[in-house]
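I have placed the structure first, in the form of structure tokens, so that the comments after it can refer back to it.
The values are calculated or read from the model by the stated rules, or taken from the named source; none is laboratory data. Predicted model, so just to flag it, every value in this text is computed and none were measured. The protein model used for the area step is the full one, side chains on, heavy atoms only, and it has no ligands, DNA or RNA in it. Shrake-Rupley method; radii C 1.70, N 1.55, O 1.52, S 1.80 Å.
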Amino acid sequence: MTTRSRLRSSVLFSLAAIAMFLLYARIAMPFSLSPGPIALNYVENTPAIATSGMPSRAQFTRIAVEGYGIVVNLAPAGVLGSHDDERELAEGAGLLYFHVPVDFSAPRGADYERFAAILGQAGKQRTLVHCQINMRASSFVFLYRVVELGEDPDKAYADVTRIWTPSIAWARFLRETLQARGKRLPLELENG
């Protein structure tokens with residue numbers, strides 16, 4: 001087998017694996033994919049906070065032009081679609097950049113606390129929170145809106161379900177985080 005045919009086989013296998021993962025994820029955890037006006041799966045949650053999937057390299061300038069001053073990335077380094085130089089891309093567009101890598105299979109309270117501290121210091125400065133597809137981001141912003149801003153859990157959770165139905169691990173994490181802080185659960189999380 002030549003180097004070229006091995007490379008071709010490797011690329012085809014990788015594409016097939018990604019397609020199977022996306023098919024499995026779509027069946028196991030329904031989620032949405034929408035190009036959005038600023039980035040993939042963009043949702044404006046409050047006048048000061050929005051969430052999205054991974055912005056393209058060119059979209060960091062658009063994010064700044066739209067009036068955002070801060071970008072918070074919740075995706076671990078090296079995930080599919082990430083940018084090794086994201087800090088430079090954001091700062092080059094005039095944005096403050098924070099990275100709080102959240103393990104998708106095991107979200108932790110400490111990650112949320114670090115995230116909440118960043119948003120708390122942002123004040124009214126517009127902040128875009130993103131991850132790969134907007135699953136981590138929508139969930140952390142939901143928690144922030146309920147725990148820190150005192151918003152209605154059902155209203156805030158509607159922005160999560162625009163993007164995805166949280167997996168068992170994420171639903172448990174959301175419930176436990178809210179209960180530990182004495183917050184009411186949204187109806188959709190009560191029976192889990």
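Each residue of region 63-71 in turn: what ³J(HN,Hα) in whole Hz from Karplus with 6.51, -1.76, 1.60 and θ = phi - 60°, glycine and Pro shown as x?
Ordered by residue, 3J(HN,Hα) equals 4, 5, 4, 6, x, 7, x, 9, 10 Hz.
Could you pull the Cα extents of region 58-101 along its three principal axes, largest to smallest, in whole Å?
27, 18, 14
If you wrap a convex hull around the Cα atoms of region 140-181, how much volume per residue is inside, in Å³?
60 Å³
Probe radius 1.4 Å, ligands and nucleic acids left out: which of E188, E148 has the largest accessible area, and how do the rest follow?
Solvent-accessible surface, decreasing: E188, E148.
If N is the number of residues in region 47-147, what value comes out of its Cα radius of gyration divided by 2.2 N^0.38 Å?
0.97
Largest first, what is the accessible-area ranking of S105, S34 with a 1.4 Å probe?
Per-residue accessible area, sorted high to low, gives S105, S34.
May I ask you to evaluate 6.51 cos²θ - 1.76 cosθ + 1.60, the Karplus curve with θ = phi - 60°, for each residue of region 160-175 and list the ³J(HN,Hα) values in order in whole Hz, giving x for glycine and proline?
For region 160-175, the Karplus-derived couplings read 5, 6, 5, 9, 7, 9, x, 5, 4, 4, 6, 4, 4, 4, 5, 4 Hz, x marking Gly and Pro.
For region 84-192, report the translational diffusion coefficient in µm²/s to the nearest whole number, using Stokes-Einstein at 20 °C, 1.002 mPa s, and a Kirkwood Rh over Cα pairs.
The diffusion coefficient I find is 147 µm²/s.
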